[in-house]
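Below is one structure, written out as structure tokens; comments come after it.
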Amino acid sequence: MTTDSSDPAKPAGPGQPPGSGADMRRHGGVETGQDVDPATIGTDEDDEARLPDLPDEPADAIAEGTLAVGRAAIEHAVRHAPTSPGVYRMMNAARDVLYVGKAKNVRKRLSSYARPTGQVMRIARMIAATSTVEIVSTATETEALLLEANLIKQLRPRFNVQLRDDKSFPYILITGDHWAPQILKHRGAQSRPGRYFGPFASAGAVGRTITALQRAFLVRSCTDSFFESRTRPCLLYQIKRCAGPCTREIDFPGYTALVREATDFLSGRSRAVKEELAREMEKASDDLAFERAALYRDRLAALSAIQSQQGINPRTVEEADVFAIYQEGGYSCVEVFFFRTGQNWGNRAYFPRAEKSFTPEEVLGSFLAQFYDDKPPPKLILVSHQIEESELLADALSIKAGCKVVVSTPQRGEKKELVAHALTNAREALGRKLADTATQSRLLQGLAAALGLPHAPRRIEVYDNSHIQGTNAVGAMIVAGPEGFLKNQYRKFNIKSESLTPGDDYAMMREVLERRFKRLLTQKAADPDKADESDKDAVPQWPDLVIIDGGLGQLNAARGIFDALGLSRVALVAVAKGPDRDAGRETLFLPDRPAIKLEPRDPVLYFIQRLRDEAHRFVIGSHRKLRSKDIREAGLQEVPGIGPARKRALLHHFGTLKEIERASVADLGKVPGISAESARKIFDFFHARPA
């Protein structure tokens, strides 16, 4: 899908990070100014959806008395319920939403729950837990469907099917606010003027496509500030991935033609673009302009590479999303393929939370309504199973899209083949996820045995600190569980204490742990009736195990905080590196127990190393962002030996402070007035290794 945006740029909305300006990213081995959000780099392939736990409750777990109480609460709601469309919310005594449903006739639907018999176990458990019912009337059943999907995503009721991945999809943007448009990856609100093409399934797919488009159309990817500061073409021009408009290597009409060709290609007119390039190549060859002919040949090859690397490209489907669901062992996997302009723009697997009694049709229908709650739907949606309310869903999505949307279950032809291909991918993705989950479960059980824990931990928190001689001190927490790393649970802590001695690692650890667990205790005091284990699939907020990167000193510092706060049910362990910081020779320190060492090839030791290394990676990244911000604010004044003249020379040569930060020692030494010794000092200032 492509969209136009001609409004002036506005600040990003809540929860959406601002653009990165002159942030630099590496593409195809070449560093270039790429206007992308640094928070989104490299996250798509890492942040896979989690495979939910399935609660296993026996059939006799519901007492008849609680069922009667629940039915009485529903019967009370029935007496006041409207006979018109609406949405109802079932809540327990703690006012937690258990279930959100919609109905064409709310009174009739609620009456079905009040029947004394005939409910499946899932519905019976829901009725038994119900204390009150809230109702919202809507004008139409379509509005009820849209409101239901919105409330499910917002409230995450335990008895509904839940879409567990809210990540926005990346788009390709060709900007429209500069005479030399830029091509870049975009995520978030489409507020910048230009043409948007997408969605793509992952940032990797966008990056590969942009690289190929640069080779095919020579459109720049650098930021505007980088563009304006150039006095000579950058390396991308030399390797024929940019036409060099920054230094007028190409004139305005010529560059405009390249941008138009790129836009046409992304808009689905790829055949016309390729035919035009082929004619230009033949014309250049007839004129004996073989270098120009070779350039057109390379551009044609790049376009072919785009279409080949995107997998199967349909012949008869211009714009569609393909959904296929596969169930095994009570788990569900929904595979989504995106087709735009007749090209495959990638696929992604989702693992929605749904109880075992849900049929594939029920899971898929609820999934689709939530999936498009914050995304523009295409004109055609192909599904692997016939959804009961497909016409109602199509009407709701048509209202959102502003055009007719068709939801179809194809029975023959190429569309059927696309669905079958998606179904195969769903089956394979679920198989891989189940295997990974089984391995993670064995590792957690092994960790519990090695540390003497009463049960396998459901939530592990790992803490680490980073600083350079006490400056820009930051602490970080990473979280892991049965599903692997839970990156949406990661937290960083800017060290705030003014009385802290610079470089005091023990004091930093005490501050981080005190802030973290005081907040948990405050939340528990505010809502004492809410237990983490009330929803077996929810990520518990209290850790079963806390791992500290360090030795006996860090363990004692953490233990002091735990004793002061009265935390006796959280296991604590410190991981000290071996002699010469050798991996495989770590020592594990535990409170009131002798230190232990695991065998060098023990899988549990590898697991602990991986947890520690992830915490180290996250805290180093947080520290560097904080330090880079300070450097940008302070400018070059803080670099030793750099006066006003050298500062002007550096900025004139590189254009921006970000470029200076990324320059090598050799590149810095090429600046007039910068000696080899000064170049080394500048490089060391920007690349000092944090503790």
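The values are calculated or read from the model by the stated rules, or taken from the named source; none is laboratory data. Since this is a predicted model, take the numbers as computed values, not measurements. So basically every Cβ, Gly included, is an ideal-geometry build from the backbone, and we count neighbours across all protein chains shown. What goes into the accessible areas is simple: the full protein's heavy atoms, side chains included, and nothing from ligands, DNA or RNA. Shrake-Rupley method; radii C 1.70, N 1.55, O 1.52, S 1.80 Å.
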Open item on the list: Can you tell me which of (1) touching a Ser or Thr at 6+ places or on another chain (Cβ under 7 Å); (2) modelled with pLDDT of 85 or more; (3) open to solvent by 20 Å² or more (accessible area, probe 1.4 Å); (4) assigned to a helix (DSSP H, G or I) is the one Ser225 doesn't meet?
Closed with: (2)
TODO: Look at segment 243-258 and say how many of its residues are at pLDDT below 90 and within 34 Å of the chain's Cα centre (by Cα).
DONE: 2
Open item on the list: Any residue at all in segment 162-170 that's open to solvent by less than 10 Å² (accessible area, probe 1.4 Å), in contact with an Asp or Glu (Cβ under 8 Å, 6 or more places away or on another chain) and more than 30 Å from Met91 (Cα to Cα)?
Closed with: yes
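If you check Arg680 against the conditions, is it open to solvent by 60 Å² or more (accessible area, probe 1.4 Å), assigned to a helix (DSSP H, G or I), farther than 30 Å from Val479 by Cα and modelled with pLDDT of 80 or more?
yes
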Open item on the list: Can you tell me which condition Thr117 does not meet? The list is (1) at pLDDT below 90; (2) surrounded by 15 or more Cβ atoms within 10 Å (Cβ to Cβ), and all the others hold.
Closed with: (2)
Open item on the list: Testing Arg491 on (1) within 30 Å of the chain's Cα centre (by Cα); (2) over 30 Å from Leu98 (Cα atoms); (3) open to solvent by 90 Å² or more (accessible area, probe 1.4 Å); (4) at pLDDT 75 or above, one condition comes back false. Which one is that?
Closed with: (2)
Open item on the list: I'd like to check something: does segment 154-167 contain any residue that is in contact with a strand residue (DSSP E or B) (Cβ under 6 Å, 6 or more places away or on another chain) and more than 30 Å from Leu364 (Cα to Cα)?
Closed with: no
- [ ] Give segment 366-415 a look and list any residue that's among the charged types (D, E, K, R) and either touching a His at 6+ places or on another chain (Cβ under 6 Å) or part of a helix (DSSP H, G or I) (or both), or say none.
- [x] Glu391, Asp395, Lys400, Glu414, Lys415
- [ ] Output the qualifying pairs, or none if there are none: Cβ atoms under 9 angstrom, residues six or more apart or on different chains, first residue in segment 341-353 and at pLDDT 80 or above, second residue surrounded by 23 or more Cβ atoms within 10 Å (Cβ to Cβ) and charged (D, E, K, R).
- [x] Asn347/Glu335; Arg348/Glu335; Ala349/Glu335; Tyr350/Glu335
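Is it true that Ala429 is in contact (Cβ under 8 Å) with a residue 60 or more places away in the chain, open to solvent by less than 60 Å² (accessible area, probe 1.4 Å) and either of a type outside the set (A, V, I, L, M, F, W, C) or assigned to a helix (DSSP H, G or I) (or both)?
On the way: in contact (Cβ under 8 Å) with a residue 60 or more places away in the chain: yes; open to solvent by less than 60 Å² (accessible area, probe 1.4 Å): yes; either of a type outside the set (A, V, I, L, M, F, W, C) or assigned to a helix (DSSP H, G or I) (or both): yes.
Criteria met by Ala429.
Could you say which residue among Gly402, Gly413, Gly452 is open to solvent by 40 Å² or more (accessible area, probe 1.4 Å) and closer than 30 Å to Glu511 by Cα?
Details: Gly402 fails: closer than 30 Å to Glu511 by Cα; Gly413 fails: closer than 30 Å to Glu511 by Cα.
Gly452 is the lone residue from the list that is open to solvent by 40 Å² or more (accessible area, probe 1.4 Å) and closer than 30 Å to Glu511 by Cα.
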Open item on the list: Restricting to segment 333-365, name every residue that is farther than 21 Å from Glu417 by Cα and either hydroxyl-bearing (Ser, Thr, Tyr) or in a loop (DSSP other than H, G, I, E, B) (or both).
Closed with: Phe351, Pro352, Ala354, Glu355, Lys356, Ser357, Phe358, Thr359
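Suppose we filter Leu110, Leu145 for residues that are within 24 Å of Val363 (Cβ to Cβ) and at pLDDT 90 or above; which single one remains?
Working: Leu145 fails: at pLDDT 90 or above.
Testing whether each residue is within 24 Å of Val363 (Cβ to Cβ) and at pLDDT 90 or above leaves just Leu110.
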Open item on the list: Pairs needed: first member in segment 72-88, within 10 Å of Thr132 (Cα to Cα); second member anywhere, open to solvent by less than 80 Å² (accessible area, probe 1.4 Å) and of a type outside the set (A, V, I, L, M); C-beta distance under 8 Å; at least 6 residues apart or different chains.
Closed with: Ala73/Thr130; Ala73/Ser131; Ala73/Thr132; Ile74/Tyr113; Ile74/Thr130; Ala77/Tyr88; Ala77/Thr132
- [ ] Run Leu184 past the list (1) in contact (Cβ under 8 Å) with a residue 60 or more places away in the chain; (2) assigned to a loop (DSSP other than H, G, I, E, B) and report the number of the one that doesn't hold.
- [x] (2)
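For segment 665-674, what are the residues that are outside any helix (DSSP H, G or I) and open to solvent by 50 Å² or more (accessible area, probe 1.4 Å)?
At the first step, the residues of segment 665-674 found to be outside any helix (DSSP H, G or I) are 670-674.
Passing the criteria: Lys670, Pro672, Gly673.
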Open item on the list: Tell me whether segment 304-325 contains one or more residues that are at pLDDT 80 or above, assigned to a loop (DSSP other than H, G, I, E, B) and farther than 30 Å from Ala278 by Cα.
Closed with: no
Open item on the list: Given the criterion closer than 28 Å to Leu555 by Cβ, open to solvent by less than 50 Å² (accessible area, probe 1.4 Å), at pLDDT below 85 and not acidic (Asp, Glu), identify the matching residue among Ile460, Ile468.
Closed with: Ile468
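Please work out if Ser267 is modelled with pLDDT under 75 and out of contact with any Gly (no Cβ under 7 Å at 6 or more places or on another chain).
yes
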TODO: Pull up segment 88-107, narrow it to residues that are modelled with pLDDT of 90 or more, closer than 18 Å to Leu67 by Cα and of a type in the set (A, V, I, L, M), then point me to the one that is most open to solvent (accessible area, probe 1.4 Å).
DONE: Val97
TODO: Just give me the residues in segment 341-396 being closer than 28 Å to Val206 by Cα and among the acidic types (Asp, Glu), in sequence order.
DONE: Asp373, Asp374
